[in-house]
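Encoded as structure tokens, the structure appears first; notes follow it.
The values are calculated or read from the model by the stated rules, or taken from the named source; none is laboratory data. All figures in this text were calculated on a predicted structure; none of them were measured in a lab. Cβ sites come from the backbone with ideal geometry, for glycine too, and all protein chains shown count toward neighbours. Side chains are part of the model used for accessible areas, which takes the heavy atoms of the whole protein and leaves out ligands, DNA and RNA. Shrake-Rupley method; radii C 1.70, N 1.55, O 1.52, S 1.80 Å.
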Amino acid sequence: MVLSAASQHLLRVSRPGAWGQHLLKVSRPGAWGQHLLRRIGSVYTTAKGFQEKEIREKLQALPGGSIDLVKQESGIAVLTVNNPARMNAFSGSMMVELEERVSQLEEWTEGKGLIIQGAAGTFCSGSDLNAVRAISNPQDGMMMCMFMQNALTRLLRLPLLSVALVEGSALGGGAELTTACDFRLMAPGGVIQFVHKHMGLVPGWGGAARLVRIVGGQNALKMLGGALKVDPEMGLQIGLADGVLEGSLDGSGANALLEAEQWLGRYTTGPAPVIRAIKNVVVSGRELPLEVALSTERDVFGTVWGGPANLQALASKAKHK
Ligand SMILES: CC[C@H](C(=O)O)C(=O)SCCNC(=O)CCNC(=O)[C@H](O)C(C)(C)COP(=O)(O)OP(=O)(O)OC[C@H]1O[C@@H](n2cnc3c(N)ncnc32)[C@H](O)[C@@H]1OP(=O)(O)O
């Protein structure tokens, strides 16, 4: 089997066994998520021609809106794409803020889940077209593309179970953002649409690569080639949507967010180290070559075997003579 350069790199970086010694020294299972991210690292680095400092400064100079993050005691964080005057389109500074929020979440060792929503009852209409015009030259466009691919890849790799709560429109880069979550929940009337063809584009934030892995090549081709408007019914049918919400009775987003938290709660109830370990073994199974994934799974197993949750479960299930 011919391994890609990336897989060969991964095998070198994470040769089976090497992680075992290192990970067994890792005291806090939560730290494992950071370890995995560090060892796999960002997709693009300076060594690969990515001039992060320069593009970050250029994006920062394109203001508007915000990316708001609330980390709750429950272990579920809520990230809000907040630019309602522009249908929550991403300004340049919002792209920088997204990366900063991902960094905060990478350091949040008590976290178990993440819900991403848009402000004012709509999700996100992609890049702010005004910002896009300001960086429409090839060099800046490629750097923005790499900046967002790095941020969204790290988002999907977080040791948190993540949900995109799609109310209203998720268009272009907004559609791509939904694919950087583990799950998508759609509210009645919600639409996910890869409008890139209408812009003379293809996805650039990694949305095509992730979409193929979610819905398969044929469905991805139809969605991109036809710029299909995926509603909740179609989303369920093709596997893009993992659930459809009852919807807000009063039109506010509050009920939808509560519904999404209740849905996510089915999968995040339990000790944070165990929930985070579950996401980590799925990330490695999803992204790493089999033998590396197996040894990674063993290493993660080693961080919870005999841990507080395991010992407590054993004690409670011990057969009392
Ligand atoms: C790799 C990602 C890719 C890239 O970076 O190249 C992109 O994401 S490109 C952007 C792709 N997104 C779009 O093409 C969506 C553009 N917006 C729309 O189609 C509509 O606005 C829609 C369907 C989201 C909402 O339509 P509606 O009629 O309900 O509202 P308006 O169109 O009147 O929008 C209200 C207000 O928001 C402004 N707006 C909406 N989307 C954007 C955007 N992406 N960039 C900048 N501004 C946006 C719109 O201009 C209106 O502003 P106003 O000042 O009131 O005219």
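Within region 125-162, track down each residue that is of a type in the set (Asp, Glu) and more than 9 Å from the ligand (Cβ to nearest atom). Result: Asp140, single match. How about region 190-235: which of its residues are away from the ligand (no atom under 16 Å from the Cβ), of a type in the set (A, V, I, L, M) and in contact with a Gly (Cβ under 8 Å, 6 or more places away or on another chain)? Result: Ile214, Val215. Does Thr179 count as more than 22 Å from Thr269 (Cα to Cα) and more than 13 Å from the ligand (Cβ to nearest atom)? For Thr179, the condition - more than 22 Å from Thr269 (Cα to Cα) and more than 13 Å from the ligand (Cβ to nearest atom) - is not met. Are any of the residues in region 241-249 surrounded by fewer than 18 Cβ atoms within 10 Å (Cβ to Cβ) and within 12 Å of the ligand (Cβ to nearest atom)? No, every residue in region 241-249 fails to be surrounded by fewer than 18 Cβ atoms within 10 Å (Cβ to Cβ) and within 12 Å of the ligand (Cβ to nearest atom). Of the residues making up region 45-55, those that are in contact (Cβ under 8 Å) with a residue 60 or more places away in the chain and open to solvent by 60 Å² or more (accessible area, probe 1.4 Å) are Gln51, Glu52, Glu54. Condition test on Gly217, is it touching a residue at least 60 places away in the same chain (Cβ under 8 Å) and either open to solvent by 10 Å² or more (accessible area, probe 1.4 Å) or aliphatic (A, V, I, L, M) (or both)? No; evaluated as a whole, the condition is false for this residue. Selection of region 259-285 for residues being open to solvent by 40 Å² or more (accessible area, probe 1.4 Å) and hydroxyl-bearing (Ser, Thr, Tyr) yields Tyr267, Thr269. With respect to (1) among the aliphatic types (A, V, I, L, M); (2) in contact (Cβ under 8 Å) with a residue 24 or more places away in the chain; (3) open to solvent by less than 20 Å² (accessible area, probe 1.4 Å), the lone exception for Val195 is condition (3).
A Cβ distance below 8 Å, combined with a sequence gap of six or more or placement on separate chains, defines the contacts here; from region 127-138, residues that are modelled with pLDDT under 90 reach residues that are open to solvent by less than 80 Å² (accessible area, probe 1.4 Å) and more than 10 Å from the ligand (Cβ to nearest atom) in the pairs Ala131/Leu59; Ala131/Leu62; Ala131/Gly92.
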